[in-house]
């Protein structure tokens with residue numbers, strides 16, 4: 001990656017007036033530093049062939065770098081923003097940036113990408129404009145020799161930019177749908193489907209490695225009374241508040257999920273002797289704290305917890321879940 005100290009004083013990277021909002025738009029796609037994907041690599045490959053150039057990239061402009069979601073012919077994954085031609089291209093979102101000979105353009109003739117390998121001479125970039133009108137980055141093509149760029153080729157590059165944006169939008173929506181399918185909308189916690197899938201993976205991992213973990217089942221005490229007395233909106237508020245309180249007691253790598261109604265589940269990694277009882281004590285304490293509702297009413301609830309430590313004897317997903325459920329039932333009976 002070319003460094004800023006190679007740039008010199010000839011170029012000050014332009015910054016769009018809407019830079020903060022533009023960056024928020026880029027980050028909303030949750031795509032920076034992700035692995036290569038076939039859809040984007042296909043676009044760069046076809047763009048390279050269609051426009052008869054050796055290099056093609058799809059770049060997203062971060063605060064201090066141009067990161068390539070896909071690149072062909074450059075051999076790098078990102079560039080310092082100060083030397084990225086894309087930094088200039090996004091300044092005019094509705095136009096192409098075409099430089100037919102870098103050595104004849106004072107903005108770029110001393111750029112390290114021109115004076116050093118890969119010794120670029122030609123560049124054409126089309127901004128990636130999303131539906132809100134923000135320039136996310138560019139799709140660009142480049143060559144090591146000067147060349148003419150026809151209006152027809154410009155239209156082709158614009159079409160590729162629209163295809164990239166469409167692919168970004170499709171990817172974002174697919175990710176959102178997947179998240180919705182795995183998330184409890186009230187609490188923001190993983191849902192039952194997500195929990196059982198993670199538990200299945202944890203069982204497979206522990207059976208292979210011997211790494212210990214414990215499964216916890218929990219449900220709230222006096223929750224029905226809150227619903228009956230103050231209504232379902234109050235009950236929903238209690239569930240959301242309790243979920244966050246319990247979540248605050250977990251370590252990174254542990255999992256808390258809402259299984260349905262007032263039932264929750266936890267997967268806690270590590271030795272049960274070291275983690276189970278202290279964790280159950282902490283959760284019981286935070287849940288028992290009075291909750292001041294938004295309607296001004298104060299409610300108090302409790303929690304019942306059942307847990308089972310994984311071992312070869314607990315066996316399959318169904319068996320360990322049944323054992324945790326039995327432990328919860330026994331706890332509730334006192």
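Rounded, prolate or oblate: which fits region 68-125 when a ≥ b ≥ c are the square roots of the eigenvalues of the alpha-carbon gyration tensor, with rounded for a/c under 1.5 and prolate only if a/b beats b/c?
It is oblate, given that a/c is not under 1.5 and a/b is not larger than b/c.
How high is the FRET efficiency between residue 166 and residue 76 when r is their beta carbon distance and R₀ equals 30 Å, given to the nearest 0.05?
That gives a FRET efficiency of 0.70.
Which of the peptides 111-120, 86-95 is most tightly packed, and how do the rest follow, judged by the mean count of other Cβ atoms within 10 Å per residue?
Descending mean neighbour count gives 86-95, 111-120.
Using Cβ contacts closer than 10 Å as the measure, can you line up 255, 102 from fewest to most?
Placing the least packed residue first, the sequence is 255, 102.
What is the Cα centroid distance between region 240-256 and region 27-66, reported in whole angstrom?
Region 240-256 and region 27-66 have Cα centres spaced 38 Å from each other.
Counting each DSSP H run of 4 or more residues in the chain as -39500 (n - 2.57), what helix-only mean residue ellipticity at 222 nm follows after dividing by all residues, to the nearest 500 deg cm²/dmol?
-13500 deg cm²/dmol
Tilt of helix 232-247 relative to the longest C-alpha principal axis of the chain, in degrees (0 to 90, nearest 10)?
80
Would you calculate the separation in nanometres between label points at residue 101 and residue 23, each defined as 7 Å from the Cα along the Cα-to-beta-carbon direction?
3.9
Under 13 Å from a point 7 Å along the Cα-to-Cβ line of residue 50: which residues of region 124-160 have their amide N that close?
126, 139-141, 152-160
Compute the distance from the alpha-carbon center of region 266-282 to that of region 88-136, in whole Å.
Between the Cα centres of region 266-282 and region 88-136 lies a distance of 56 Å.
In percent, how large is the relative contact order of the chain, given Cα pairs closer than 8 Å and 6 or more residues apart?
Result for the chain is 13 percent.
Using a ≥ b ≥ c from the Cα gyration tensor of region 192-333 (square roots of the eigenvalues), is it rounded, prolate or oblate, where a/c under 1.5 gives rounded and otherwise the larger of a/b and b/c decides, a/b for prolate?
prolate
I'd like the orientation of helix 272-288 relative to the chain: the angle between its Cα long axis and the longest Cα principal axis, in ° from 0 to 90, rounded to 10.
Orientation of helix 272-288: about 80 degrees from the principal axis.
If you wrap a convex hull around the alpha carbons of the chain, what volume per residue comes out, as a whole number of Å³?
For the chain, the hull spanned by Cα atoms encloses 187 Å³ per residue.
What is the spin-label model distance, in nm, from residue 329 to residue 41 if the labels are put 7 Å beyond Cα along the C-beta direction?
The answer from the label model is 5.2 nm.
Values in this text are rule-based calculations from the coordinates and carry no lab data. Just so we're clear, the structure is a prediction, and the values are computed from it rather than from any experiment. All Cβ positions, even for glycine, are placed from backbone atoms using ideal geometry, and neighbour counts span all protein chains on display.
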